[in-house]
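Below is one structure, written out as structure tokens, with a few remarks after it.
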């Protein structure tokens, strides 16, 4: 009897899952995979010209160090897996800092193609929210010495978007779009 009740509950949960995803079509799982790929960056950086990075950012509240890397990334990063272009210029002095990052297709001279934000307890409250990247808040960690380095970043809002996406709630506004429309984005 107990087993039959458990099977009935499982069947009801599966039926509910089918109903939730039926209206989404095959794209539902594609969007979940895209959300999953945006949750973190982990891999190695390579550059043709020497770069330097020893930089860390703790949940966008405190940042320290400096980074300048203009090269390539191999791993899971920027919402994709594999080999991609990567650019970053970051600095932090604990209470204030600034991050500029480019993944994939970007133009270093076009701010609209880059993710930029001020960080730190002084940087966050005094600069407009509309300039914040989609992944903020995040923990950014970069080391790059000469021609090779490593990145390990955690993007917390993307993690929340991934989890809530299973309920068909898209807080990142990125399902089916190349760039999301987060609530703090004005354009």
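In this entry, residue 49 is excluded by the filter for residues that are assigned to a loop (DSSP other than H, G, I, E, B) and at pLDDT 80 or above. On the stretch given as the range 104-118, residues that are surrounded by 14 or more Cβ atoms within 10 Å (Cβ to Cβ) and either in contact with a strand residue (DSSP E or B) (Cβ under 6 Å, 6 or more places away or on another chain) or modelled with pLDDT of 85 or more (or both) total 7.
Could you tell me whether any residue of the range 83-96 is more than 16 Å from residue 54 (Cα to Cα), within 17 Å of the chain's Cα centre (by Cα) and modelled with pLDDT under 90? The answer is no, given that none of the residues of the range 83-96 is more than 16 Å from residue 54 (Cα to Cα), within 17 Å of the chain's Cα centre (by Cα) and modelled with pLDDT under 90. Among the residues of the range 81-102, those identified as touching a residue at least 40 places away in the same chain (Cβ under 8 Å) and crowded, with 19+ Cβ neighbours inside 10 Å are 86, 88, 90, 97, 99. Somewhere in the range 119-131, is a residue under 24 Å from residue 73 (Cβ atoms) and modelled with pLDDT under 85? Among the residues of the range 119-131, at least one is under 24 Å from residue 73 (Cβ atoms) and modelled with pLDDT under 85, which makes the answer yes. Taking the range 103-127 as the range and being assigned to a loop (DSSP other than H, G, I, E, B), touching a helix residue (DSSP H, G or I) at 6+ places or on another chain (Cβ under 8 Å) and in contact (Cβ under 8 Å) with a residue 24 or more places away in the chain as the test, no residue passes. Counting the residues of the range 60-75 that are buried (at least 23 other Cβ atoms within 10 Å of the Cβ) and not in a strand (DSSP E or B) gives 1.
For the range 19-42, the candidate set comprises residues that are more than 19 Å from residue 89 (Cβ to Cβ) and part of a strand (DSSP E or B); within that set, the residue that is modelled with the highest pLDDT is 42.
Please tell me if residue 78 is without any contact (Cβ under 8 Å) to a residue 40 or more places away in the chain, buried (at least 18 other Cβ atoms within 10 Å of the Cβ) and more than 14 Å from residue 46 (Cα to Cα). Taking the combined requirement at face value, the residue satisfies it.
Please tell me if residue 57 is assigned to a helix (DSSP H, G or I), within 17 Å of the chain's Cα centre (by Cα), at pLDDT 70 or above and surrounded by 14 or more Cβ atoms within 10 Å (Cβ to Cβ). Considered against the rule, which asks whether it is assigned to a helix (DSSP H, G or I), within 17 Å of the chain's Cα centre (by Cα), at pLDDT 70 or above and surrounded by 14 or more Cβ atoms within 10 Å (Cβ to Cβ), residue 57 comes out as no.
The values are calculated or read from the model by the stated rules, or taken from the named source; none is laboratory data. Since we're looking at a predicted model, the values are computed, not measured. Note: ideal-geometry Cβ built from the backbone for every residue, glycine included; neighbour counts use all protein chains shown.
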